[in-house]
1. What FRET efficiency comes out for the pair residue 113/residue 466, r = Cβ-Cβ distance, R0 = 25 Å, nearest 0.05?
2. What residues from region 461-477 fall in the zone where the backbone N is under 18 Å from a label point 7 Å along the Cα-to-C-beta line of residue 527?
3. Using the count of nearby Cβ atoms within 10 Å as a rough guide to exposure, how do 65, 23 rank from fewest to most?
4. Any chance you could tell me what percent of the C-alpha pair distances in the chain go past 39 Å?
5. What angle do you read, to the nearest 10 degrees and between 0 and 90, between the alpha-carbon axis of helix 530-539 and the longest principal axis of the chain?
6. Need the full-extension length gain, residue 628 to residue 602, defined as separation in residues times 0.36 nm minus the C-alpha distance. One decimal, nm.
7. What's the whole-number percent of alpha carbon pairs in region 350-655 lying beyond 25 angstrom?
8. Which value results when the Cα radius of gyration for region 449-542 is divided by 2.2 N^0.38 Å?
């Protein structure tokens, strides 16, 4: 296998298991060939490709358009500008079939002052697609370019038939054979659709002759991966979730508006074109698997057939086991990743306070990263962070993470005479061997406020019933908050202050379902301060949601992501902390604390299910029991295996998201 560094695939010397091609050395260079006129999944696929480029997993070398519409290159230009890449070469085909569009006219909208609502190259003259493709290939290293074709085959067929030019003395077919790593195309239908196995898929039937030419002239030595009609149906885009997340960032988001114009908000559009992009940029992530090699034939009526053949060079894309769930979630997170030049519009959002025992387990650090990136997506206003671990380095590490996310001014607080003052496996990564800070933080001794005082002040300044309290450590701070007295920040006692200001409280604590063969488990956060946990279970005003031990065990953060998705040069605090915590072990850590943050951000999006109402009891030996009671204030979280897989995919994409900085 190749090594993967910071999302960039490097050092590939052989074909990874199950793939008929070697992963290119360095960032994958992509020519994106699209018919971005009719269906909106082309626009979603382009947005996802930009997000992957933001993560340095690929480079967008060029975008070529395979249908004729004067607004198509303008729309592509608007997308490129929004994502901070206005210089990408865009190619058109003057002989491509014309196509009207429901959503492309959005780029003609203007503001009251006459300026474009979605800036783009309004009067640009674009080069021909084949010329753009030939230049990219001529300048590329051998076998380093991936062509992702998600429309008609007119451009790729013309490339194959092209002759030598000023870019290269090679013919188009020779150029492809030398420079292209593989072709990933969305086309065809190879099983039954609507009771027939001769379904003429749109990208084929709308220009049969060019697809036939592609099949005839494509060199067998360059793998051709077919993502067919069924793949897009298997992982549709959850429209309402996507639109809500985009419009949190900008109520007039270009992609959201385009989707509504094309499909409305109640239609989960198949992700045909996104599948080809996701496979080509992340071929070794286990989303998909490939059929045995074979040969595709395009029939005159637009139907497509596949015949196994050892030297065929064609492969059908198939979902890996559980791949539908993972691909759908990856696509959702990548499509809604904030664009580089998007000005996130402030609007009323829920304030969040995180109480963590940072330093005892690495899932606290992952949870804080998740919270920061969700804040950057405008899901939250992060009000402050407090620590229930009685260790000054705990607060310093929190401050260093906040500084890395450009929120160094976040209010902090720490427990007084609390639990776990002992050292940590990973807090020490803040310093080098001489005790000098390797990761900057802003803290001074005066910033080490008492956690309860800090939380009281933060609550007092917020609107009634507006704050989410997230506890992912010991129960010490929130139990003390419950018993706190009136102070200069609020005349209310703790219980009254919580009742007035807090909308919801979610805690990582307890165990409510069997874990393996164990039906009783004294969970860590509970057993370190049983009286505090009992006080919260017995007396907390308002709704209290419990995320139990078993939920984190069911969804584990893959160490593969730590190695692939975070910079390996010692500059990424989260990566260095995770590796220090594992002490060299290959370990996928349970996501106990991340579950709390994810559920807080999207309680209605189906990641987890809440139990019926009831009451939680904490016993003297630290065990937790739940009894159903329709008048109770407690619930606990549950997840099926499919939900757990989806949660992990969300964590991987959200935690490793490029840092955008302060948005609130």
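Where a number appears in this text, it was derived from the coordinates with a stated rule and is not lab data. Being a predicted model, the structure only gives us computed values, none of them experimental. Please note: Cβ atoms are built from the backbone with ideal geometry, for glycine as well, and neighbour counts cover all protein chains shown.
1. That gives a FRET efficiency of 0.10.
2. Residues 473-476 fall inside that zone.
3. Exposure proxy ranking, most exposed first: 23, 65.
4. Cα-Cα pairs in the chain separated by more than 39 Å: 37 percent.
5. For helix 530-539, the angle is close to 80 degrees.
6. My answer for the length gained is 6.9 nm.
7. Roughly 45 percent, once rounded to a whole number.
8. Cα Rg divided by the expected 2.2 N^0.38 Å: 1.18.
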